[in-house]
Amino acid sequence: MPQYRILFNDKERLTGALQLVYYSLSNSYTAIDKCKEGSSVFKEFVESFFEVKLSNGEFEVFTQGDVWELLENTFLTKRLDNIQKPLETVLEEIKASKLKGEDESETRMLNKQLKKKKSNKLAERSSIEKKSLHTFEIKRNVEKFIPEYKGEGSLLYGNQWIYSFIRHLHCLYERLQVAYDFIIPAFEQELERMPEISAKYGALIKTNMQQLKSERYYKIFIRGVISNILGEIDITAYEELCKWLMGSRAYLLLTIEKLIRSVCL
């Protein structure tokens, strides 16, 4: 069935869509044994038919706190100041800095209370218990999937279920293409609303635009989708993340987790 290449003319995007479906299948919370068996059959089928290679490794996920850190106005400045560092490292540094700031703020407040009360009992306290920084564990994908074309097409005999699967998959594929196409225009509009950022980092942004686009699509949007599917972030955080990444066209991606589940069914 070589005609499918007309529908899926971007091999990388097709592989990404299939990877999301496979990841959703293999991480279901219901009937785990059946899901493992089903995901194994699914992987074998799509790798043979679509001529792709799916990764068995785990993806990185966001927590609720990570999403709200990304949405803050200060994130972009800190990210551009540390463009050479991985996104995960910058997020951890921001969280650690905020935690330290909260500890220092609590210390100053307590010191003021000590001075006002002039209590000997409180004055003897030499140190203040600080909050501990929770470790932020990131699941990393072990193997990157690399699409490879074989020389010949495949012929598939199937029923209505196969047709339904390909139609739903194509819809998911188109949604991912929309996300990829609109991330940079939305980013450029965001920069227009922040002339001070554009003036200070304009040359840096232009030089690293491809890196920023890749980061915003693969490391933020795709991770956001996976985190939403697994319940690591709620629908509100996911919707705000999409609006931040894609502006007014984000509504096309707000129900993508339901679309992925419909492909699985």
Which of the residues that make up segment 209-265 are touching a residue at least 60 places away in the same chain (Cβ under 8 Å), surrounded by fewer than 17 Cβ atoms within 10 Å (Cβ to Cβ) and either in contact with a strand residue (DSSP E or B) (Cβ under 8 Å, 6 or more places away or on another chain) or under 12 Å from ILE183 (Cβ atoms) (or both)? LYS219, GLY247
Could you grab the pairs with beta carbons closer than 8 Å, sequence gap of 6+ or different chains, first residue in segment 39-68 and in contact (Cβ under 8 Å) with a residue 60 or more places away in the chain, second one of a type in the set (Asp, Glu) and assigned to a helix (DSSP H, G or I)? LYS53/GLU47; LEU54/GLU47; GLU60/GLU88; VAL67/GLU240
In the set LEU254, LEU230, LEU191, LEU245, which member is at pLDDT 90 or above, within 25 Å of ASP66 (Cβ to Cβ) and not β-branched (Val, Ile, Thr)? LEU245
Per-region count, segment 197-210, residues in contact with a helix residue (DSSP H, G or I) (Cβ under 9 Å, 6 or more places away or on another chain) and assigned to a helix (DSSP H, G or I): 8
Segment 57-88: number of residues that are over 18 Å from the mean Cα position of the chain (by Cα) and exposed (fewer than 13 other Cβ atoms within 10 Å of the Cβ): 3
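The values are calculated or read from the model by the stated rules, or taken from the named source; none is laboratory data. Keep in mind that what you see is a predicted model, and the values were worked out from it rather than measured. Backbone-built Cβ (ideal geometry, glycine too); neighbour counts: all protein chains shown.
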